[in-house]
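Okay, structure first, notes after.
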Amino acid sequence: MPTAENKSGPILDVRDFSVSFNVYGKFSHVLDGIAFRVQRGERVGLVGESGCGKTTTLKAILRVLPGNAIVKGGEVLFDGQDVSGMSDAALSAMRRTGAGMIFQDPSSALNPVFSIESQFLTVLKYAAPGGASGKQLYAVATEALSSVMLPDPDRIMKSFPYQLSGGMKQRVCIAIAIAAGCRLLLADEPGTSLDVTIQDQILRLINRLVIDRGLSVLMVSHSLGVIRQSTSRVNIMYAGTVVESGATDDVFSDPKHPYTAALMECVPKLTGGSVARGIPGRVPDYTQPPKGCRFAPRCPWARDICNGQKPPHLEVSPGHHVSCHLVSEGIQ
Amino acid sequence: MRETWRDVLQRSWFRYSESKITVLGLIIVVGFIVLALIGRHVVPYPAHIGSFVDFSNASQPPSLRHLCGTDLIGRDIFSRIVGAFRNTLLMGVIVLCISAPVGFIVGVVAGYHRDTLIDTLLMRITDIFLAIPPLILALAVASVLEPNMTNSMLAITVMWWPWYARLAYGVASSLRTENYIVYAELTGAGMPHIIFREILPNCLSAMLTKMTLDMGYVIIMGATLSYAGLGEQAPHPALGSMISQGVKYMPQQWWFTVFPAVAIIVIVLGFNLFGDGISNMMGTDAN
Amino acid sequence: MPSLLTTVLKRLGWALVVLVGLSMLIFSLMRVIPGDPARLALGPTAPEEVVERYRARMHYNDPLPMQYYWWLSDVVRGDFGMSTVTRREVARDLAEFLPATLELVIWAGLPPIFFALLLGVLGAMYKNRWPDYLIRFSSYIIIATPTFVWAVLFLLIFGYWLPILPSVGGRLSMGFSVPSITGLMVLDALLAGQPAAAWDAFAHLLLPALALSLGHTMQEARLTRSYMLENEGKDYITMITSQGVPRNVINRKYLLRPSVIPTVSIMGLDIAAIFGNAFLVETIFNWPGMSRYAMSAILGKDVNAVCGVVLVLGVIFITTNLLVDIVVALLDPRMRQSRSK
């Protein structure tokens with residue numbers, strides 16, 4: 001397997017990255033200059049409401065955005081290499097053994113008309129460096145299936161997706177992603193389409209695999225609980241911008257951005273207090289995003305400057321960043 | 001963020017005209033409908049649409065006086081083609097306006113009574129109608145009855161409704177177990193309420209899209225029956241019969257055949273493009 | 001694959017039900033025809049007592065359900081009765097005319113599928129580039145043109161202006177004689193070891209088959225293209241792409257199969273439409289198939305012949321659909337399980 005040239009730097013470095021979509025002739029500016037890093041062996045979270053651009057970010061990392069997406073600026077560096085500038089060979093190598101993605105809905109992530117065996121072995125065939133024999137690949141696949149706690153791997157291999165439950169399909173997807181030997185796992189709200197107990201099992205499984213294999217993880221979720229449980233750093237996204245980032249504990253114990261604070265308020269707490277408030281308003285229209293801070297229309301403390309100018313990027317404490325005019329002016 | 005009617009219209013038009021060629025379809029369809037409604041009064045020789053004889057002008061090739069030439073007994077072919085438009089349009093509209101509601105009722109009643117004897121019975125009858133090659137069913141019906149315009153419409157309707165029954169059945173049977181339908185039933189809503197207030201709105205855009213997409217095919221089918229001699233009878237003009245009579249004089253009097261054929265192709269093309277545009281607009285899959 | 005077998009058996013049982021229903025439909029349609037069937041069969045000059053005897057022998061005096069029973073028990077044994085037009089047994093007429101129609105429909109129905117899929121895939125691969133525009137533009141024009149217009153056009157081009165292909169006059173040129181084995185002329189000629197005759201028979205087939213297939217081919221191509229493009233955005237394609245499987249492998253295997261399944265599953269209906277249109281095309285090309293027989297039966301109110309034709313077509317249609325279902329089940333594992341729509 002190709003080894004990384006750039007062992008010291010972060011495995012993933014997203015710099016001032018913007019993506020727009022052409023929707024019925026109008027441009028929808030979904031990602032607006034997002035930036036974050038994933039260090040080697042680090043588990044990083046990406047939190048935000050539905051529709052804030054989380055999945056778009058993951059797809060952009062693997063360069064599998066739909067055809068109407070346009071990268072407007074910035075870059076995504078994987079192992080120090082710009083993904084959009086990669087040659088076909090480098091891109092394939094990155095996809096095969098660099099990064100692996102777990103999709104939100106496992107039932108749509110597996111091809112309905114091919115057996116698990118066919119899909120799994122195809123992926124392995126192109127991921128394996130030399131020409132491994134079919135038998136060897138099959139052994140790798142069944143081992144991966146056992147490692148995700150699927151009983152009777154031989155039967156799973158012969159099955160078609162419709163014969164498996166949602167949880168089983170999710171496990172198969174995880175097995176495919178890790179069997180090829182990925183170093184960065186991109187997990188898109190794993191298990192949210194499944195019921196809560198299964199979701200919990202899947203998360204535990206992912207966390208265990210990640211620790212056992214020393215993988216780096218970018219975990220996307222709208223659930224703060226999940227993020228708190230399984231990440232050490234977190235990026236809070238709002239409407240295609242990263243509004244706050246830092247060590248998970250710092251951000252959770254001392255949220256600086258009004259949006260982060262509001263998100264925390266939304267989580268019902270067992271320890272009494274008022275009922276969750278929720279955030280009034282909704283994610284803005286991406287075709288005409290607010291000129292200044294994208295959260296300004298919903299922010300209870302918004303001032304003139306918030307509507308007019310993009311907020312500055314500030315480091316409030318070591319490693320804890322926030323983009324907010326209020327913080328920069330020392331209010332709050 | 002509330003959408004005004006203007007926004008909706010603007011977006012609909014954008015979606016409709018996303019592939020530019022559908023705009024051509026709209027132009028053809030509008031032009032055709034206008035000609036079908038008033039064409040009989042604006043053509044150069046209105047009298048030629050009926051029984052009219054002028055042997056001194058027979059079989060004239062196309063010229064400025066007769067754009068598409070004249071037929072075997074001296075009638076202006078252009079006037080007759082435009083004269084046939086009204087029945088062509090009527091054929092499509094009537095067939096679809098009967099077969100869509102009939103199919104809807106059959107399909108939706110079967111879907112409402114999903115997995116009961118009524119479902120089995122109704123859908124099996126539908127399948128039997130689908131099991132006969134369409135044109136042959138139409139030919140059989142049209143031949144048992146007198147060959148004329150009304151009966152050819154009836155014949156095509158008989159073969160067309162099962163498609164709408166299938167469509168409505170698919171929607172109805174999948175909605176049947178949806179919670180809001182079950183709740184409506186628990187609160188005492190009867191079958192008519194559920195069918196017309198709950199299921200119909202869900203079927204409507206798919207049904208309307210299918211109707212616009214089907215228009216061209218119904219017109220082709222009507223022309224085919226008329227070609228076989230089972231449509232509108234002489235002396236009234238019909239595009240299909242004009243072609244079948246003209247074929248005997250090919251290739252010398254090519255204009256007998258070519259112009260009615262071109263008319264059919266352009267009309268059907270127009271409706272197909274229009275249907276594609278509508279299905280883009282509705283966001284439903286055309287097929 | 002035992003589940004596939006169950007599916008086939010279920011479908012077979014269902015096919016029988018449809019056939020019985022079809023026969024009821026046809027039987028009632030015949031009885032709607034005004035006029036005394038016995039008198040129609042024997043002609044206006046036959047003496048009344050002969051007609052009466054015929055009526056008794058054909059059970060025309062029994063109640064309608066009994067009549068249906070008698071009629072059906074004959075039909076099951078392959079006895080459709082006598083044709084009033086040809087004055088021969090309908091079964092014999094069908095055996096004579098059916099193979100030519102069948103051969104035409106097979107050639108118009110099967111090989112074009114390949115071209116349809118090819119054009120559809122090409123269109124999707126070159127989306128919004130010139131090959132796609134060319135295919136789409138021509139498909140619009142071709143689909144809008146009625147089959148009989150194609151037939152007339154071919155007749156004009158190849159009959160008068162460019163006589164390189166035989167356009168009128170049957171299935172084989174003078175001077176060839178092919179023994180009848182399957183009834184399908186090209187195949188028979190090949191089986192008999194006469195390549196020249198096979199080529200000649202094929203040349204005769206080409207124009208009518210082309211006229212019949214053009215519209216369907218382009219329709220299927222459009223369908224394939226749109227399903228290819230729709231499936232391209234599905235998660236399972238993104239998933240396998242994100243694992244680094246090469247694009248051409250994905251297109252050829254993982255995108256193609258789910259995209260052709262819907263096209264293949266409507267083929268049974270396409271074959272039915274081809275049968276219908278074959279009736280007109282046969283007349284135009286003077287093809288010695290069932291069309292003239294059926295047309296004269298329909299126009300002459302030849303009840304037994306019409307029933308025979310429609311029932312035979314029904315059987316063919318149901319068989320075709322059964323075959324299509326099996327092919328679809330082979331392509332799509334979900335269809336092997338159960339088929340309740």
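Bear in mind that the values in this text are calculations on the coordinates, not laboratory data. Everything quoted here is computed from the prediction, not taken from an experiment. In this analysis, Cβ positions are derived from the backbone assuming ideal geometry, glycine residues included, and neighbour counts consider all displayed protein chains.
Peptide C:230-236 has a mean shielding of 5, counted as Cβ atoms of other protein chains within 10 Å of each residue's Cβ. Couplings 3J(HN,Hα) for the range A:137-152, derived from phi with the Karplus relation 6.51 cos²θ - 1.76 cosθ + 1.60 (θ = phi - 60°), are 4, 4, 5, 4, 5, 5, 5, 4, 5, 5, 5, 9, 6, 9, x, 6 Hz, where x marks Gly and Pro.
Taking the beta-carbon count within 10 Å as an exposure proxy, list A:CYS266, B:CYS68 from fewest neighbours to most.
Details: A:CYS266 12, B:CYS68 22.
So the residues, fewest neighbours to most, are A:CYS266, B:CYS68.
Estimated translational diffusion coefficient (Stokes-Einstein, Kirkwood radius over Cα pairs, 37 °C, 0.692 mPa s) of chain B: 156 µm² per second.
Based on the Cβ-Cβ distance of B:ILE105 and A:GLN229, what FRET efficiency does E = 1/(1 + (r/R0)^6) give at R0 = 60 Å, to the nearest 0.05? Show your work: numbers first, answer last.
Values: r = 55 Å, r/R0 = 0.91.
Rounded to the nearest 0.05, the efficiency is 0.65.
Dipole magnitude of the range B:93-282 about its Cα centre, charges +1 at Lys/Arg Cβ and -1 at Asp/Glu Cβ only, in debye to the nearest 20? Walk me through the intermediate numbers first.
Details: 7 positive and 10 negative charges, 37 e Å.
Using Cβ point charges on Lys, Arg, Asp and Glu, the range B:93-282 gives about 180 debye.
Need one number: the % of Cα-Cα pairs in the protein assembly as shown sitting beyond the 59 Å mark.
Values: 106666 of 460320 pairs.
Result for the distance tail: 23 percent.
Candidates C:TYR227, B:SER205, A:GLY240 compared by Cα position along the dipole of the protein assembly as shown: farthest toward the positive end lies A:GLY240, with charges placed on Cβ. Residue exposure proxy: B:ARG11, C:ARG31, ordered by other Cβ atoms within 10 angstrom of their Cβ from fewest to most, comes out as C:ARG31, B:ARG11. Remark: chain A carries a charge dipole of roughly 320 debye about the Cα centre, counting +1 on each Lys and Arg Cβ and -1 on each Asp and Glu Cβ. Cα extents for the range B:1-104 along the principal axes, largest to smallest and rounded to whole angstrom: 70, 36, 21. Each stretch of four or more DSSP H residues adds -39500 (n - 2.57); spread over every residue of the protein assembly as shown, this sum gives -18500 deg cm²/dmol at 222 nm. Put simply, when C:106-117, B:254-265 are sorted by average Cβ atoms within 10 angstrom per residue, most first, you get B:254-265, C:106-117. The longest stretch of chain A left intact once loop-based GluC sites (Glu not before Pro) with at most 15 other Cβ atoms within 10 Å are removed from consideration, loops following DSSP, is A:6-328. For the peptides B:210-219, A:85-94, C:134-143, A:253-262, residues were scored by their other Cβ atoms within 10 Å and the scores averaged per peptide; the highest-first order is B:210-219, A:253-262, C:134-143, A:85-94.
When only alpha carbons of chain A are considered, Rg and Dmax amount to 20.7, 67 Å.
Per the Debye formula on identical point scatterers at the alpha carbon atoms of chain C, with no solvent, log10 I(q)/I(0) at q = 0.11 Å⁻¹ is -0.90.
When the pairs A:LYS59/C:LYS127; A:LYS26/B:LYS20; A:LYS256/A:LYS310; A:LYS72/C:LYS253; A:LYS125/C:LYS127 are compared against a 27 Å limit on Cα-Cα distance, A:LYS72/C:LYS253; A:LYS125/C:LYS127 fall above it.
With +1 assigned to the C-beta of every Lys and Arg and -1 to the C-beta of every Asp and Glu, and no other charges, what is the dipole magnitude of the protein assembly as shown about the Cα centre in debye, to the nearest 20?
Values: 78 positive and 69 negative charges, 200 e Å.
Roughly 960 debye for the protein assembly as shown.
Selection among C:VAL264, C:THR320, C:SER28 by position relative to the dipole of chain C gives C:VAL264 as farthest towards the positive end (Cβ unit charges, Cα centre). Taken residue by residue and averaged, Cβ atoms of other chains lying within 10 Å of the Cβ of C:136-148 number 6. For the range C:100-289, the spread of Cα coordinates along the three principal axes comes to 63, 35, 27 Å, biggest extent given first. Shielding value for A:109-117 is 6, the average number of Cβ atoms from other chains within 10 Å of each residue's Cβ. Take the Cα radius of gyration of the range A:85-217 and divide it by 2.2 N^0.38 Å, with N its residue count; two decimals is plenty. Rounded to two decimals, the normalised Rg is 1.01. Each of B:VAL93, C:VAL50, A:VAL30 was scored by other Cβ atoms within 10 Å of its Cβ. Listed from fewest to most, they are C:VAL50, B:VAL93, A:VAL30. Selection among B:LEU37, B:TYR16, B:GLY190 by position relative to the dipole of chain B gives B:LEU37 as farthest towards the positive end (Cβ unit charges, Cα centre). Computed over neighbours whose Cβ is under 15 Å from that of B:ILE28, the net charge equals 0, Lys and Arg +1, Asp and Glu -1. Using Cα atoms only, what is the angle between the long axis of helix C:195-232 and the major principal axis of chain C, expressed in degrees (0 to 90) to the nearest 10? Taking Cα atoms only, the helix is inclined about 50 degrees.
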